[in-house]
Amino acid sequence: MNDAIIEAARDVMGSPWVYVVLFAISAIDGFFPAVPSETLVITAGVFAAADGVPNLLFVILAAAAGAFVGDHISYFIGRTAGTRVRHRIEGGKKSGAMFAWAGRQLEERGGVILIVARYIPGGRTAVTLTCGTVEYPLRKFSFFDAIAALSWGVYSGMIGYVGGHAFEDNPLLGLGVGLGIALTITGLVELIRHRIGVRNRRRAEQAGAAESAPGAEGSPESPGEKPQELV
(Lines give C-alpha, C1' and ligand atoms only; values in the text may rest on other atoms or scores of the structure.)
Protein backbone atom coordinates (compact mmCIF):
# COMPACT_ATOMS: atom_id res chain seq x y z
CA MET A 1 0.00 0.00 0.00
CA ASN A 2 2.79 2.42 0.95
CA ASP A 3 4.68 1.56 -2.22
CA ALA A 4 1.63 2.35 -4.32
CA ILE A 5 1.17 5.72 -2.60
CA ILE A 6 4.85 6.58 -3.07
CA GLU A 7 4.77 5.64 -6.75
CA ALA A 8 1.62 7.69 -7.33
CA ALA A 9 3.21 10.67 -5.59
CA ARG A 10 6.39 10.22 -7.67
CA ASP A 11 4.32 10.32 -10.86
CA VAL A 12 2.71 13.59 -9.78
CA MET A 13 5.91 15.17 -8.51
CA GLY A 14 7.82 14.11 -11.61
CA SER A 15 5.44 15.93 -13.92
CA PRO A 16 6.41 19.42 -15.14
CA TRP A 17 2.85 20.47 -14.32
CA VAL A 18 3.64 20.18 -10.63
CA TYR A 19 4.96 23.76 -10.66
CA VAL A 20 1.68 25.02 -12.10
CA VAL A 21 -0.20 23.12 -9.40
CA LEU A 22 2.07 24.53 -6.69
CA PHE A 23 1.49 28.05 -8.00
CA ALA A 24 -2.29 27.61 -8.21
CA ILE A 25 -2.73 26.01 -4.79
CA SER A 26 -0.52 28.61 -3.10
CA ALA A 27 -2.48 31.39 -4.79
CA ILE A 28 -5.87 29.98 -3.77
CA ASP A 29 -4.65 29.55 -0.20
CA GLY A 30 -4.00 33.30 -0.08
CA PHE A 31 -7.72 34.11 -0.09
CA PHE A 32 -9.27 30.71 0.72
CA PRO A 33 -7.36 29.37 3.75
CA ALA A 34 -9.03 25.94 3.69
CA VAL A 35 -6.55 24.90 0.98
CA PRO A 36 -3.46 23.25 2.58
CA SER A 37 -0.71 24.77 0.44
CA GLU A 38 2.05 24.11 3.00
CA THR A 39 1.41 20.38 2.81
CA LEU A 40 1.85 20.35 -0.96
CA VAL A 41 5.02 22.47 -0.87
CA ILE A 42 6.52 20.33 1.90
CA THR A 43 5.67 17.19 -0.08
CA ALA A 44 7.40 18.61 -3.15
CA GLY A 45 10.42 19.41 -0.99
CA VAL A 46 10.53 15.83 0.30
CA PHE A 47 10.61 14.34 -3.20
CA ALA A 48 13.11 16.96 -4.33
CA ALA A 49 15.49 15.58 -1.71
CA ALA A 50 14.64 11.90 -2.19
CA ASP A 51 14.43 11.71 -6.00
CA GLY A 52 15.89 14.97 -7.27
CA VAL A 53 12.56 15.91 -8.84
CA PRO A 54 10.87 18.31 -8.73
CA ASN A 55 13.60 20.95 -8.65
CA LEU A 56 13.73 22.53 -5.19
CA LEU A 57 14.46 26.04 -6.49
CA PHE A 58 11.50 25.92 -8.87
CA VAL A 59 9.30 24.56 -6.06
CA ILE A 60 10.20 27.54 -3.87
CA LEU A 61 9.73 30.08 -6.67
CA ALA A 62 6.38 28.62 -7.80
CA ALA A 63 5.04 28.54 -4.22
CA ALA A 64 6.28 32.06 -3.45
CA ALA A 65 4.86 33.50 -6.67
CA GLY A 66 1.50 31.85 -6.03
CA ALA A 67 1.42 33.12 -2.45
CA PHE A 68 2.24 36.65 -3.65
CA VAL A 69 -0.58 36.60 -6.22
CA GLY A 70 -3.07 35.07 -3.78
CA ASP A 71 -2.31 37.65 -1.11
CA HIS A 72 -2.92 40.44 -3.61
CA ILE A 73 -6.23 38.90 -4.62
CA SER A 74 -7.19 38.92 -0.94
CA TYR A 75 -6.01 42.53 -0.66
CA PHE A 76 -8.17 43.67 -3.58
CA ILE A 77 -11.14 41.72 -2.23
CA GLY A 78 -10.68 43.78 0.92
CA ARG A 79 -10.51 47.01 -1.10
CA THR A 80 -13.71 46.29 -3.04
CA ALA A 81 -15.88 44.28 -0.67
CA GLY A 82 -13.91 44.16 2.58
CA THR A 83 -16.64 45.17 5.01
CA ARG A 84 -19.21 42.76 3.58
CA VAL A 85 -16.74 39.86 3.43
CA ARG A 86 -15.46 40.50 6.95
CA HIS A 87 -18.98 40.56 8.37
CA ARG A 88 -19.60 37.12 6.89
CA ILE A 89 -16.31 35.65 8.07
CA GLU A 90 -16.50 37.26 11.50
CA GLY A 91 -19.66 35.31 12.28
CA GLY A 92 -17.52 32.76 14.13
CA LYS A 93 -15.93 33.71 17.43
CA LYS A 94 -12.47 32.55 16.39
CA SER A 95 -12.62 34.31 13.02
CA GLY A 96 -13.81 37.53 14.63
CA ALA A 97 -10.96 37.43 17.12
CA MET A 98 -8.46 36.86 14.31
CA PHE A 99 -9.66 39.91 12.39
CA ALA A 100 -9.61 42.03 15.54
CA TRP A 101 -6.04 40.90 16.16
CA ALA A 102 -5.08 41.67 12.56
CA GLY A 103 -6.44 45.21 12.81
CA ARG A 104 -4.57 45.93 16.04
CA GLN A 105 -1.31 44.47 14.78
CA LEU A 106 -1.52 46.38 11.51
CA GLU A 107 -1.92 49.65 13.41
CA GLU A 108 0.97 48.87 15.76
CA ARG A 109 3.49 47.18 13.47
CA GLY A 110 2.50 48.11 9.94
CA GLY A 111 3.73 45.95 7.10
CA VAL A 112 5.95 43.80 9.29
CA ILE A 113 2.86 41.95 10.47
CA LEU A 114 2.36 40.72 6.88
CA ILE A 115 5.55 38.69 7.21
CA VAL A 116 4.64 37.29 10.63
CA ALA A 117 1.05 36.47 9.63
CA ARG A 118 2.27 34.26 6.78
CA TYR A 119 3.09 31.64 9.42
CA ILE A 120 -0.17 31.86 11.41
CA PRO A 121 -3.12 29.64 10.36
CA GLY A 122 -5.86 31.96 9.10
CA GLY A 123 -3.72 34.96 9.99
CA ARG A 124 -2.47 35.62 6.47
CA THR A 125 -5.97 35.99 5.04
CA ALA A 126 -7.16 38.12 7.97
CA VAL A 127 -4.23 40.51 7.59
CA THR A 128 -4.34 40.81 3.79
CA LEU A 129 -8.10 41.39 3.80
CA THR A 130 -7.69 43.95 6.57
CA CYS A 131 -4.94 45.71 4.60
CA GLY A 132 -7.34 46.08 1.70
CA THR A 133 -10.25 47.16 3.88
CA VAL A 134 -8.29 49.97 5.55
CA GLU A 135 -6.65 50.88 2.20
CA TYR A 136 -3.12 50.18 3.35
CA PRO A 137 -0.79 51.61 0.63
CA LEU A 138 -0.40 49.08 -2.18
CA ARG A 139 3.30 49.83 -2.69
CA LYS A 140 4.09 49.04 0.96
CA PHE A 141 1.82 46.02 0.89
CA SER A 142 3.57 44.59 -2.18
CA PHE A 143 7.02 45.20 -0.69
CA PHE A 144 6.34 43.45 2.61
CA ASP A 145 4.27 40.73 0.98
CA ALA A 146 7.09 39.89 -1.42
CA ILE A 147 9.35 39.26 1.58
CA ALA A 148 6.62 37.24 3.29
CA ALA A 149 5.86 35.08 0.24
CA LEU A 150 9.49 34.34 -0.57
CA SER A 151 10.42 33.53 3.03
CA TRP A 152 7.37 31.27 3.30
CA GLY A 153 8.30 29.46 0.09
CA VAL A 154 11.85 28.89 1.32
CA TYR A 155 10.59 27.79 4.74
CA SER A 156 8.06 25.28 3.41
CA GLY A 157 10.29 23.88 0.70
CA MET A 158 13.31 23.51 2.97
CA ILE A 159 11.33 21.79 5.73
CA GLY A 160 10.27 19.15 3.21
CA TYR A 161 13.79 18.93 1.82
CA VAL A 162 15.29 18.34 5.28
CA GLY A 163 12.76 15.58 6.00
CA GLY A 164 13.25 13.97 2.59
CA HIS A 165 17.02 14.12 2.82
CA ALA A 166 16.98 12.49 6.27
CA PHE A 167 14.79 9.62 5.02
CA GLU A 168 15.67 9.20 1.35
CA ASP A 169 14.59 5.55 1.33
CA ASN A 170 11.20 6.30 2.86
CA PRO A 171 9.61 9.50 1.46
CA LEU A 172 6.42 8.96 3.48
CA LEU A 173 8.42 9.02 6.71
CA GLY A 174 10.26 12.09 5.45
CA LEU A 175 6.92 13.74 4.74
CA GLY A 176 5.72 12.90 8.24
CA VAL A 177 8.85 14.44 9.75
CA GLY A 178 8.50 17.54 7.59
CA LEU A 179 4.85 18.03 8.52
CA GLY A 180 5.71 17.43 12.17
CA ILE A 181 8.35 20.16 12.07
CA ALA A 182 5.94 22.55 10.37
CA LEU A 183 3.18 21.88 12.90
CA THR A 184 5.60 22.36 15.78
CA ILE A 185 6.83 25.70 14.44
CA THR A 186 3.27 26.83 13.73
CA GLY A 187 2.24 25.84 17.26
CA LEU A 188 5.13 27.80 18.75
CA VAL A 189 4.25 30.89 16.71
CA GLU A 190 0.60 30.62 17.77
CA LEU A 191 1.61 30.16 21.43
CA ILE A 192 3.87 33.22 21.33
CA ARG A 193 1.13 35.25 19.66
CA HIS A 194 -1.36 34.17 22.30
CA ARG A 195 0.97 35.00 25.19
CA ILE A 196 1.75 38.43 23.73
CA GLY A 197 -1.96 39.09 23.29
CA VAL A 198 -2.71 38.11 26.89
CA ARG A 199 0.13 40.31 28.16
CA ASN A 200 -1.07 43.29 26.12
CA ARG A 201 -4.63 42.86 27.38
CA ARG A 202 -3.41 42.78 30.97
CA ARG A 203 -1.42 45.95 30.44
CA ALA A 204 -4.45 47.66 28.92
CA GLU A 205 -6.64 46.55 31.82
CA GLN A 206 -4.08 47.77 34.36
CA ALA A 207 -3.78 51.11 32.58
CA GLY A 208 -7.55 51.48 32.53
CA ALA A 209 -7.81 50.60 36.21
CA ALA A 210 -5.11 53.13 37.07
CA GLU A 211 -6.88 55.89 35.15
CA SER A 212 -10.22 55.22 36.83
CA ALA A 213 -8.81 54.75 40.35
CA PRO A 214 -9.70 57.38 43.03
CA GLY A 215 -7.11 60.13 43.14
CA ALA A 216 -6.04 59.58 39.53
CA GLU A 217 -5.40 62.64 37.44
CA GLY A 218 -8.55 63.95 35.87
CA SER A 219 -10.89 62.14 38.30
CA PRO A 220 -13.35 64.13 40.46
CA GLU A 221 -11.51 63.15 43.61
CA SER A 222 -8.05 64.30 42.49
CA PRO A 223 -6.09 66.25 45.15
CA GLY A 224 -6.36 69.97 44.75
CA GLU A 225 -9.63 69.81 42.88
CA LYS A 226 -12.49 71.28 44.87
CA PRO A 227 -16.06 70.21 44.34
CA GLN A 228 -18.24 72.79 42.70
CA GLU A 229 -20.62 74.62 45.00
CA LEU A 230 -24.29 74.52 44.23
CA VAL A 231 -25.72 77.90 43.42
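The figures follow:
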read-out	value
Tally, over segment 127-156, of residues that are modelled with pLDDT of 90 or more, open to solvent by less than 50 Å² (accessible area, probe 1.4 Å) and aliphatic (A, V, I, L, M)	3
Candidates Glu90, Glu190 - the one that is among the acidic types (Asp, Glu), farther than 23 Å from Leu61 by Cβ and either modelled with pLDDT of 85 or more or over 12 Å from the mean Cα position of the chain (by Cα) (or both)	Glu90
Condition check for Gly82: modelled with pLDDT under 80 and surrounded by 19 or more Cβ atoms within 10 Å (Cβ to Cβ)	yes
Scan of segment 1-23 for residues that are at pLDDT 75 or above, in a helix (DSSP H, G or I) and open to solvent by less than 50 Å² (accessible area, probe 1.4 Å), ordered by number	Met13, Val18, Leu22
Tally, over segment 111-121, of residues that are open to solvent by 30 Å² or more (accessible area, probe 1.4 Å) and under 19 Å from Arg79 (Cα atoms)	0
Condition broken by Ala102, with the remaining ones in (1) at pLDDT below 80; (2) surrounded by 16 or more Cβ atoms within 10 Å (Cβ to Cβ); (3) over 15 Å from the mean Cα position of the chain (by Cα) satisfied	(3)
Out of Ala49, Ala62, Ala44, sole residue that is buried (at least 24 other Cβ atoms within 10 Å of the Cβ) and modelled with pLDDT under 95	Ala44
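The values are calculated or read from the model by the stated rules, or taken from the named source; none is laboratory data. Computed from a predicted model, the values in this text were never measured in an experiment. Counting neighbours? That spans all protein chains shown, and the Cβs are built from the backbone with ideal geometry, glycine included. Protein only, heavy atoms only, side chains kept; ligands, DNA and RNA dropped before computing areas. Shrake-Rupley method; radii C 1.70, N 1.55, O 1.52, S 1.80 Å.
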